[in-house]
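The values are calculated or read from the model by the stated rules, or taken from the named source; none is laboratory data. Keep in mind it's a predicted model, so treat the numbers as computed, not measured. Here the Cβ is made from the backbone with ideal geometry for all residues, glycine too, and neighbour counts use every protein chain on show.
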Amino acid sequence: MTKTIQSLNPATLDTIAELPITTDEQVYEAVARARTAAPQWAALTYKDRAKYVIEFREVMKKQLEELAHLISQENGKPLTESLSSDLVPVMELATHFAKHTEKTLRRERIWLGKWDLMGRSSYIDYKPLGVVGIIAPWNYPFSIPTGQTLMAVMAGNTVVLKPSEYTPVIGEKIAALAREAGFPEGVIQVVTGDGSTGAALLESDVNKIFFTGSVNTGKKIMAAAAKNLTPVSLELGGKDPMIVLEDADVDVASSAAVWGAFSNNGQICASVERLYVHESIADVFIEQVVEKTLQLKQAEGSDYDADVSVLNNETQLRVVTEHVDGALKAGAIARTGGARLEGQPGYFYPPTVLTGVRPDMKIVTEETFGPVLPVMRFQSEAEAIAQANDSNYGLTASVWSKDRKRAERVAKQLHAGTATVNENVYTYALPQTPWGGPKWSGIGRTHGKHGLLEMVEPQHIHINKVGFMKDLWWYSYDQTRFSFLLAMTDAFFAKGLFGKVKGFGRMLGLMRKLKTH
Ligand code: NAD
């Protein structure tokens, strides 16, 4: 019997669709088809591949409203965010990589110094990896998998994508858009299912896995990948700090805190999950944050007026409830929210501002991934930096101050892959810039030049232009060759010119006596 997966609307818990789960055998077949399609796809020019990517963008553009509604229905996020943070970033990314991939991945000549003078030359060609597997989360169910897919195919790879089990219909839609854009058979395929389908993809012979998701699954992915030494890129969680210095614009920074903590219902890897505000402005800052939070309209994502809506799934609701309840029990105060909204079938949790928070609470140490903003106070810049860095995560961080230079100096001291000044969260939408961070936030980068380089294999080509001569370090070995090589170390590494010239002289003297086979 075919196993199926149910797609639910998290606001109503109504079934959207029931889809067949791709069996392990079918996953391997998809990878085999991708393998067959790979050489022809890789043989196309960048310009040819770009035409497909731009066509994908055009096909998307014609259906933006329909796509936004589907994303809000299956993921739960407000419609405006489906458009602004799931769809538009893909259009931006498609445009950027269609235009710039060729330049970023063009042949790179390596300057070899004295070896160039000895008739050698080297360069690097960036070659496609082959077939890449992409395993995606539900929080940006369109932009994360589609963005990675389009980057991968621009770099010349073929793709097998496994979307989240919470957003399978959006996954199917990505496959449909690729078909409509005319991608050849086997270049972009989507398989459907939960973690076990992802595990099958890891078992297959894909050339690399691009995983975005939680730390726990990331660890499992890395362990499973070790079996076949499959390379992995891991984009994992965050517990991102926002530091508000005493000279910040309180109105702007408080609005940024509210948006950074509650957009996407707090389900962003780069959400503001820890806020540190200077003691001298803390009271007025918190008042403004509370006031602005209370103005947010919470409703089903498909309501055009919804600012915040619903958590995506029951697990998320459980984690958020556990973290907030734990903090409240330990003495924190909920200035807004603080408990699940009753009387609704879906996973509604109100935007929650917590004060009286201590650094040892789970709400500060673990990723909550929900609409909760824990606020803490600091007295000195050094204290704020130390607290912000006291975390297992390092995805993004932000610093707020009217003194840009000062904020920049603080930003540079934060352990974060992206540190922003008077700005937060949104740089994922800038395809030119790298995304990813140290510690438990993952391994590797996506987007930008660094993200593209994750999708190719650098091949070093080395050419000996004086191939009619035998190399001086070849056989046979004897005392003369040993002395010759010693003289060579002087010629190359002696500190002064005199020592170098002497070394060369000795080399020339010995060269005639070298025995070669
Ligand atoms: P998750 O780890 O539960 O699932 C992610 C994907 O992995 C899903 O497709 C799932 O089916 C698959 N999966 C689960 N077990 C697997 C296994 N054993 N083998 C192979 N695949 C498996 O994560 P989630 O709940 O979907 O997403 C939320 C998490 O993602 C948060 O921690 C968030 O911070 C993180 N995230 C990170 C980024 C980033 O760019 N760093 C972006 C978005 C989300």
(message) Condition check: within 16 Å of the ligand (Cβ to nearest atom), within 25 Å of THR336 (Cβ to Cβ) and not in a loop (DSSP other than H, G, I, E, B). Does ALA397 satisfy that?
(response) yes
(message) Which condition from (1) within 16 Å of the ligand (Cβ to nearest atom); (2) over 30 Å from ALA136 (Cα atoms) is the one that ASP403 breaks?
(response) (1)
(message) in the same structural domain as ALA384 (by TED's automatic domain parsing), in contact with a strand residue (DSSP E or B) (Cβ under 7 Å, 6 or more places away or on another chain) and buried (at least 24 other Cβ atoms within 10 Å of the Cβ): which single residue out of LEU328, LEU294, LEU275 fits that description?
(response) LEU275
(message) When the residues of segment 131-175 are narrowed to those that are more than 10 Å from the ligand (Cβ to nearest atom) and hydroxyl-bearing (Ser, Thr, Tyr), which ends up nearest to ASP24 (Cα to Cα)?
(response) THR158
(request) Considering only residues that are surrounded by fewer than 23 Cβ atoms within 10 Å (Cβ to Cβ) and not small (Gly, Ala, Ser), look in segment 209-220 and name the one that is nearest to ALA176 (Cα to Cα). (result) THR217
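Kindly establish whether GLY437 is within 16 Å of the ligand (Cβ to nearest atom), assigned by TED's automatic domain parsing to the domain that holds VAL320 and either surrounded by fewer than 20 Cβ atoms within 10 Å (Cβ to Cβ) or in a loop (DSSP other than H, G, I, E, B) (or both).
Criteria not met by GLY437.
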(message) Return the residues of segment 126-154 that are of a type in the set (Gly, Ala, Ser), surrounded by 24 or more Cβ atoms within 10 Å (Cβ to Cβ) and either within 19 Å of THR197 (Cα to Cα) or over 17 Å from the mean Cα position of the chain (by Cα) (or both); say none if nothing qualifies.
(response) GLY133, ALA136
(request) For segment 51-108, enumerate the residues that are part of a helix (DSSP H, G or I) and of a type in the set (S, T, N, Q). (result) SER72, GLN73, ASN75, THR80, SER82, SER84, SER85, THR95, THR101, THR104
(message) I'd like to check something: does segment 242-260 contain any residue that is under 17 Å from ASN139 (Cβ atoms), assigned to a helix (DSSP H, G or I), away from the ligand (no atom under 16 Å from the Cβ) and under 22 Å from the mean Cα position of the chain (by Cα)?
(response) yes
